[in-house]
Amino acid sequence: MRIVMIGTGYVGLVSGACFADFGHEVVCVDKDQSKIDALLNGEIPIFEPGLDELVAKNVAAGRLSFTLDLAEALPGTDAVFIAVGTPSRRGDGHADLSYVYAAAREMAPLLPDGVVVVDKSTVPVGTGDEVERIIREEAPELSFSVASNPEFLREGAAIDDFKRPDRVVIGVNDAHAESVLEEIYRPLTRNESPLVSMSRRGAELTKYAANAFLATKIGFINEIADLCEKVGADVRDVSKGIGLDSRIGNRFLMPGPGYGGSCFPKDTLALLKTGQDYESPLRIVESVVASNDQRKRGMGRKVINALGGGDLHGKTVAVLGLTFKANTDDMRDSPAISVVQALQDAGIEVKAYDPEGMEQAKKVLSNVTYCEGPYEAMDGADALVIVTEWDTFRALDLDRVKGLLKDLIFVDLRNLYSRSDVEGTGFKYIGVGR
Ligand code: UGA
């Protein structure tokens with residue numbers, strides 16, 4: 001199959017490279033000259049394990065190419081995937097669809113007959129209808145289909161998620177679009193990954209419902225973690241105790257500093273907006289959003305309380321991990337931002353280290369001393385707080401840490417350590433929900 005991918009952001013680049021790896025011929029198009037130049041030079045503009053090799057391999061095999069020119073890419077294509085950004089619109093949280101609609105308008109006069117335009121960007125219910133309307137307006141004679149094919153990739157595990165998905169959701173309103181998408185995903189169905197076919201609106205909503213449900217699981221276990229602290233239970237026991245029930249499932253039940261990233265915060269807000277537009281209140285999701293917002297800031301207070309509260313001017317805290325989760329350089333809506341700002345508001349100096357996120361962090365966090373490694377950050381600090389679960393923080397040399405910290409306060413917002421190990425070395429240990 002010949003595929004054009006519009007947008008070489010996270011979803012576009014990963015999907016484009018994986019489709020090429022399936023054996024399809026893929027052309028990725030982007031308006032950003034510097035991005036295309038970088039990709040043509042073999043540089044990958046995002047941090048995603050394994051992506052550079054996958055891109056290089058498929059470029060070398062002649063199956064994957066990059067261009068700025070839509071008119072060069074579109075002739076003869078079977079499917080065009082729209083994978084442009086849908087950020088939260090300022091003010092109302094609605095997904096900003098201007099890039100999606102602009103892409104539809106621009107491609108319309110260049111599309112070949114029989115093409116399937118597939119929305120891969122996360123878009124609210126009804127966006128496919130509008131894309132169809134725009135293309136029909138711009139190219140009244142064209143025969144085409146518009147489909148929805150939401151993405152369920154996790155940053156840091158995107159290639160594996162793409163190649164071994166729990167399911168592939170396709171939203172189609174006609175048989176031709178269904179057969180083209182079936183053909184594109186045939187390599188996966190051979191591996192027995194189920195292809196779930198439904199209406200276009202169903203697929204659009206499935207994406208938001210999935211992210212909102214996962215966010216709800218996290219919000220739920222975080223609140224149970226708070227209760228565990230009050231009643232003297234360990235949330236890890238509760239997580240396991242409920243997660244083994246197959247109706248609940250054990251994943252996404254890890255308490256922490258709150259969810260962040262480019263998806264859950266944005267998508268939960270956009271779903272709420274859709275609920276309002278259709279006068280169908282989503283009270284549960286509203287509570288999850290509010291609970292998560294409070295939690296992020298609350299994690300800063302947790303560290304402040306560990307330091308004993310009061311006037312903390314002149315104190316220093318070592319923050320380990322800044323990205324919203326491990327294995328990414330993404331700082332968007334990272335809980336670390338709220339934690340660092342809460343500490344700074346209390347007059348506390350922050351020394352920080354993150355294996356991949358410091359360049360991005362510098363754009364959003366000022367007055368932080370960025371360090372070369374975790375031990376440099378701890379040197380002379382009054383407390384240590386682990387915010388992101390990077391592997392390099394899982395086996396710190398506790399004796400060395402003891403020699404570096406002024407006060408032996410160890411706050412572990414990801415529950416990476418066993419209380420007895422840390423307390424055994426002489427620290428005061430504060431985890432989450434324990
Ligand atoms: C999420 C979904 O997991 C993907 O399925 C989806 O495709 C993607 O959004 C998207 O819409 O594009 P992602 O944002 O990359 O993926 O990250 P997750 O691994 O889901 O983590 C999100 C946040 O939840 C992180 O801050 C993480 O630390 C937090 N989390 C996750 C927890 O606090 N506890 C958990 O048990 C799991």
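The values are calculated or read from the model by the stated rules, or taken from the named source; none is laboratory data. Since we're looking at a predicted model, the values are computed, not measured. Heads up, the Cβs are rebuilt from the backbone with ideal geometry, glycines too, and the neighbour counts pull from every protein chain shown. Quick note on the areas: whole protein, heavy atoms, side chains included, nothing else; ligands and nucleic acids left out. Shrake-Rupley method; radii C 1.70, N 1.55, O 1.52, S 1.80 Å.
Just need a number here: residues in segment 396-417 that are outside any loop (DSSP other than H, G, I, E, B) and surrounded by fewer than 14 Cβ atoms within 10 Å (Cβ to Cβ).
3
Among the helices (runs of 4 or more DSSP H) lying completely within segment 312-390, list those that include at least 3 residues that are open to solvent by less than 10 Å² (accessible area, probe 1.4 Å).
Fully inside segment 312-390 and qualifying: 335-345.
What are the residues in segment 220-244 that are in a loop (DSSP other than H, G, I, E, B) and at negative phi, if any?
A233, D234, L244, listed by residue number.
Which count do you get for residues in segment 245-291 that are within 15 Å of the ligand (Cβ to nearest atom) and outside any helix (DSSP H, G or I)?
Counting residues in segment 245-291 that are within 15 Å of the ligand (Cβ to nearest atom) and outside any helix (DSSP H, G or I) gives 16.
Do you know which residues across segment 1-35 are in a loop (DSSP other than H, G, I, E, B) and within 16 Å of the ligand (Cβ to nearest atom)?
Scanning segment 1-35 gives G7, T8, G9.
Suppose we filter segment 153-171 for residues that are more than 7 Å from the ligand (Cβ to nearest atom) and more than 19 Å from P194 (Cβ to Cβ); how many remain?
Of the residues in that region, 3 qualify.
Does K57 qualify as being open to solvent by 50 Å² or more (accessible area, probe 1.4 Å), in a helix (DSSP H, G or I) and either modelled with pLDDT of 95 or more or of a type outside the set (S, T, N, Q) (or both)?
Answer is yes for this residue.
Quick check on segment 106-123. Is at least one of its residues hydrophobic (A, V, I, L, M, F, W, C), more than 16 Å from the ligand (Cβ to nearest atom) and open to solvent by 10 Å² or more (accessible area, probe 1.4 Å)?
Yes.
Being at pLDDT below 95 and away from the ligand (no atom under 13 Å from the Cβ) narrows it down to one of R200, R190, so name that one.
The match here is R190.
With respect to R283, is the statement that it is modelled with pLDDT under 95 and under 25 Å from the mean Cα position of the chain (by Cα) true?
no
Could you count how many residues in segment 393-410 are away from the ligand (no atom under 16 Å from the Cβ) and touching a helix residue (DSSP H, G or I) at 6+ places or on another chain (Cβ under 7 Å)?
The total comes to 9.
If I go through segment 369-394 residue by residue, how many of them are under 22 Å from G357 (Cα atoms) and either at pLDDT below 95 or more than 27 Å from the chain's Cα centre (by Cα) (or both)?
Of the residues in segment 369-394, 6 are under 22 Å from G357 (Cα atoms) and either at pLDDT below 95 or more than 27 Å from the chain's Cα centre (by Cα) (or both).
Kindly establish whether K266 is under 20 Å from D96 (Cα atoms) and out of contact with any helix residue (DSSP H, G or I) (no Cβ under 8 Å at 6 or more places or on another chain).
Answer is yes for this residue.
Just to confirm my filter: which helices (runs of 4 or more DSSP H) fall fully inside segment 146-210 and include at least 2 residues that are under 17 Å from F81 (Cα atoms)?
Once the helices (runs of 4 or more DSSP H) in segment 146-210 are filtered for at least 2 residues that are under 17 Å from F81 (Cα atoms), what remains is 175-184.
Among the residues of segment 130-145, which ones are in contact with a helix residue (DSSP H, G or I) (Cβ under 8 Å, 6 or more places away or on another chain), open to solvent by less than 70 Å² (accessible area, probe 1.4 Å) and either within 13 Å of the ligand (Cβ to nearest atom) or in a helix (DSSP H, G or I) (or both)?
Within segment 130-145, E130, V131, I134, I135 qualify.
Conditions first: (1) out of contact with any strand residue (DSSP E or B) (no Cβ under 9 Å at 6 or more places or on another chain); (2) more than 23 Å from V146 (Cβ to Cβ). N211 passes all but one, so which condition is the exception?
Looking at each condition in turn, N211 falls short on (2).
If I filter segment 357-375 for residues that are in contact (Cβ under 8 Å) with a residue 40 or more places away in the chain, out of contact with any Leu (no Cβ under 6 Å at 6 or more places or on another chain) and within 16 Å of the ligand (Cβ to nearest atom), do I get at least one hit?
Looking through segment 357-375, none of the residues is in contact (Cβ under 8 Å) with a residue 40 or more places away in the chain, out of contact with any Leu (no Cβ under 6 Å at 6 or more places or on another chain) and within 16 Å of the ligand (Cβ to nearest atom).
Being open to solvent by less than 30 Å² (accessible area, probe 1.4 Å), closer than 30 Å to K406 by Cα and without any contact (Cβ under 8 Å) to a residue 60 or more places away in the chain is true for just one of G298, G308, G275. Which residue is that?
The unique qualifying residue is G298.
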